[in-house]
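Trainee: Attaching a single structure in structure tokens format; questions to follow.
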Amino acid sequence: MSLRALGNKLFGSGSNITMAEASTRVQELINEHATIVFSKSYCPYCASTKRTLKQLNADAFVIELDQDSDGSALQDALEDLSGQRTVPNIFIQKKHIGGNSDLQRLDKDGKLENLLRNAGSLKL
Ligand SMILES: N[C@@H](CCC(=O)N[C@@H](CS)C(=O)NCC(=O)O)C(=O)O
């Protein structure tokens, strides 16, 4: 657990849910959505990821952590789960993909479309 997560656990993160509840919610979201982007609405890297997925006509679930009352706890739980605190934090078929630079590299290498297709996330 990161120092920040430990601090939030001990002193509160401003969120109404516990760390355990946040972890459960993150895991449920990942299980329920073949492609999911944990995002922040103002984040340019997230915008880039969402644009790329849109261009591929991918069916991706996006959760804007800055617009969710438990967003800060969810971000802590994501850090615990994936070792990554930044957004976008992307999962395809429950596999941690990484952030925008990782997604763009997969796209450039011609691997992203296949990943999305295998996940059933391509509309066409
Ligand atoms: N190299 C990362 C950069 C992502 C990044 O720096 N995101 C910023 C938001 S624009 C972030 O998560 N900052 C920390 C925070 O919002 O808590 C990527 O490609 O995804």
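Trainee: Only four residue types carry charge here, +1 at the Cβ of Lys and Arg and -1 at the Cβ of Asp and Glu. Report the dipole size of the chain about the Cα centre in Debye, rounded to the nearest 20. All intermediate terms of the calculation are to be shown ahead of the outcome.
Mentor: Numbers: 15 positive and 15 negative charges, 87 e Å.
I would put it at about 420 debye.
Trainee: Further question: Once every DSSP H run of n ≥ 4 in the chain is given -39500 (n - 2.57) and the sum is divided by its residues, what mean residue ellipticity at 222 nm do you get, rounded to the nearest 500 deg cm²/dmol?
Mentor: Values: 6 runs with 63 residues, N = 124.
The per-residue figure over the chain is -15000 deg cm²/dmol.
Trainee: Still on this structure: Give me the percent of Cα-Cα pairs in the range 1-97 that sit more than 15 Å apart, rounded to a whole number. It would help to have the intermediate numbers written out before the result.
Mentor: Numbers: 2716 of 4656 pairs.
Value for the range 1-97: 58 percent of Cα pairs lie more than 15 Å apart.
Trainee: Same structure again: Ignoring ligands, DNA and RNA, please state the percent of accessible area on the chain from carbon and sulfur, probe 1.4 Å.
Mentor: Details: 3350 of 6950 Å².
The C+S portion of the solvent-accessible surface of the chain is 48 percent.
Trainee: So how much accessible area does R105 have, in Å² to the nearest 10, using a 1.4 Å probe?
Mentor: 130
Trainee: By how many degrees, 0 to 90 and rounded to 10, does the Cα axis of helix 44-55 deviate from the longest principal axis of the chain?
Mentor: Its long axis makes an angle of about 40 degrees.
Trainee: Quick one: helix 71-82 against the long Cα principal axis of the chain, what's the angle to the nearest 10°, folded into 0 to 90?
Mentor: 70
Trainee: Give me the angle, in degrees from 0 to 90, between the Cα long axis of helix 19-32 and the longest principal axis of the Cα atoms of the chain, rounded to the nearest 10.
Mentor: Helix 19-32 sits at roughly 20 degrees to that axis.
Trainee: Compute the relative contact order of the chain as a whole-number percentage, counting only Cα pairs closer than 8 Å that sit 6 or more residues apart in sequence.
Mentor: Numbers: 176 pairs, mean separation 38.9, N = 124.
Relative CO of the chain lands at 31 percent.
Trainee: Okay, next question. How long are the semi-axes of the equivalent ellipsoid of the range 69-124, defined as square roots of 5 times the Cα gyration tensor eigenvalues? Whole Å, largest first.
Mentor: 24, 13, 9
Trainee: Rounded to the nearest 10 Å², what accessible area does V87 show when all protein chains are kept and the probe is 1.4 Å?
Mentor: 20
Trainee: Give me the distance between the Cα centres of the range 77-124 and the range 11-61, rounded to whole Å.
Mentor: Taking the Cα centre of each part, the range 77-124 and the range 11-61 sit 11 Å apart.
The values are calculated or read from the model by the stated rules, or taken from the named source; none is laboratory data. Predicted, not measured: the structure shown is a model, and the values here were computed from it. Counting neighbours? That spans all protein chains shown, and the Cβs are built from the backbone with ideal geometry, glycine included. The accessibility values were calculated without ligands, DNA or RNA, using every heavy atom of the protein model including side chains. Shrake-Rupley method; radii C 1.70, N 1.55, O 1.52, S 1.80 Å.
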